[in-house]
Amino acid sequence: MKELRLTVDTDKPMTLQDFLTKHQGVSKRLLTRLKRIDGGITRDGKLVRSIDIVEKGDEIVLRFGDDSFLEPNPDLDVDVAYESESIIVFNKPSGMPMHPSIKHQGDTLGNKFAAMFPELTFRAVNRLDRDTSGLCIVAKNAFAANLLQGKCEKVYYAAVTGEIPESGTINAPIARERESIIIRCVREDGQQAITHYKRMAYSGKYSLAEIHLETGRTHQIRVHFAYIDHPLAGDDLYGGTREDIARQALHCGQLTFNEPLTGKEITVRSELPEDIKHLTEV
């Protein structure tokens, strides 16, 4: 069972529910779920109710149950790009996380999958950042997941700042930024990372790049293009501007893989979203 420890840091006393939902980003859906778990919410080691008053300095511990359970949410709007007996390929919209977290309960791709296949475990073969759009393969069984892991050829498209060369390769090792658990950087002691690209269009402000990854490091595309001084449009985490788009302009537009049951090569494509397309239209 996983734990999350939170210390109340507000000067004004308030109900536990207000502290969690208004100050910690805990959804009411998750709060309801925690109430149903034995010892799901405690204060200083003792059970606490959502209506109880908490004060500055109180330590609140949230305990989560089985992570394999995902609450179904049939109301989520996600297109299916391909489906067979063993896999399904979603066209994930920007802004949708893959997996539930403290701030995202019920609005993830996993919740959509659970609504479609309540008896199956959510096994994502490839993963996209919350704000990255495009194709995601989810296996319907462990056999398909193992067979496809690391064997899907992905093509990404990104709108990057400025005019990039017609083609190129970025070979620069990537490591975790020492002061952050999220941010990555190029550093000599990092893991090898290789990105191939070619320019598809240039609008005078942004280039549209088609990208093939030789390695699959966290934030690899975003870090590499920032490293060569062409950060992704909208990617303010790595130096891009949000003047023209409110998220990193990155889209997984093509997947090629062998169908687990038949071995037949399958290619699935997804059209470039309008918010990226308009950035590089001449």
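At a glance:
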| quantity | calculated |
| --- | --- |
| Filtered residues of the range 13-52 (kept if open to solvent by less than 60 Å² (accessible area, probe 1.4 Å) and acidic (Asp, Glu)) | Asp18, Asp52 |
| All positions within the range 271-282 that are under 20 Å from Leu135 (Cα atoms) and open to solvent by less than 20 Å² (accessible area, probe 1.4 Å) | Ile276 |
| Criterion violated by Arg130 - all others in (1) outside any loop (DSSP other than H, G, I, E, B); (2) of a type in the set (D, E, K, R); (3) open to solvent by 50 Å² or more (accessible area, probe 1.4 Å) satisfied | (1) |
| Pick from the range 126-151, criterion among the β-branched types (Val, Ile, Thr) and within 27 Å of Ala233 (Cα to Cα), ranking: nearest to the chain's Cα centre (by Cα) | Thr132 |
| Residue check, Arg222 of a type in the set (Lys, Arg), more than 30 Å from Glu85 (Cβ to Cβ) and either open to solvent by less than 10 Å² (accessible area, probe 1.4 Å) or in a loop (DSSP other than H, G, I, E, B) (or both) | no |
| Which numbered condition Arg176 misses (of (1) touching a residue at least 60 places away in the same chain (Cβ under 8 Å); (2) within 19 Å of the chain's Cα centre (by Cα); (3) more than 19 Å from Lys92 (Cα to Cα)) | (1) |
| Test result for Thr195, β-branched (Val, Ile, Thr), part of a strand (DSSP E or B) and touching a helix residue (DSSP H, G or I) at 6+ places or on another chain (Cβ under 6 Å) | yes |
| Any hit, the range 33-56, residues being in a helix (DSSP H, G or I) and not aliphatic (A, V, I, L, M) | yes |
| Condition met for Ile245 (assigned to a loop (DSSP other than H, G, I, E, B) and open to solvent by 60 Å² or more (accessible area, probe 1.4 Å)) | no |
| Condition broken by Asn141, with the remaining ones in (1) surrounded by fewer than 19 Cβ atoms within 10 Å (Cβ to Cβ); (2) closer than 22 Å to Leu30 by Cα satisfied | (2) |
| Residue under evaluation Glu188, criteria (1) part of a loop (DSSP other than H, G, I, E, B); (2) crowded, with 17+ Cβ neighbours inside 10 Å; (3) more than 21 Å from the chain's Cα centre (by Cα), criterion not met | (2) |
| Test for Glu210: is it in a strand (DSSP E or B) and without any contact (Cβ under 8 Å) to a residue 60 or more places away in the chain | yes |
| Pair list, Cβ < 8 Å and 6+ apart or interchain, from the range 15-38 residues that are under 21 Å from His99 (Cβ atoms) to residues that are of a type in the set (D, E, K, R) and in a helix (DSSP H, G or I) | Thr21/Lys28 |
| Only one of Asp107, Asp79, Asp75, Asp44 that is over 28 Å from Asp275 (Cα atoms) and not β-branched (Val, Ile, Thr) | Asp44 |
| Selection count, the range 145-166, where residues are of a type in the set (S, T, N, Q), open to solvent by 80 Å² or more (accessible area, probe 1.4 Å) and not in a loop (DSSP other than H, G, I, E, B) | 1 |
| Residue in the range 73-94 that is of a type in the set (A, V, I, L, M), modelled with pLDDT under 95 and crowded, with 19+ Cβ neighbours inside 10 Å present | no |
| Qualifying residue in the range 253-260 (condition: under 16 Å from the mean Cα position of the chain (by Cα) and not in a helix (DSSP H, G or I)) | yes |
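Listed here are the residues, each with its yes/no results for (1) within 20 Å of Glu274 (Cα to Cα); (2) modelled with pLDDT under 95.
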position: Ala145; (1), (2): no, yes
position: Glu153; (1), (2): no, no
position: Tyr157; (1), (2): yes, no
position: Arg184; (1), (2): no, no
position: Tyr206; (1), (2): yes, no
position: Ala209; (1), (2): yes, no
position: Gln220; (1), (2): no, no
position: Phe225; (1), (2): no, no
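The values are calculated or read from the model by the stated rules, or taken from the named source; none is laboratory data. Here the structure is a predicted model, which means the values were calculated and not measured. As a convention, Cβ positions derive from the backbone with ideal geometry for all residues, glycine included, and neighbour counts pool all protein chains shown. The accessibility values were calculated without ligands, DNA or RNA, using every heavy atom of the protein model including side chains. Shrake-Rupley method; radii C 1.70, N 1.55, O 1.52, S 1.80 Å.
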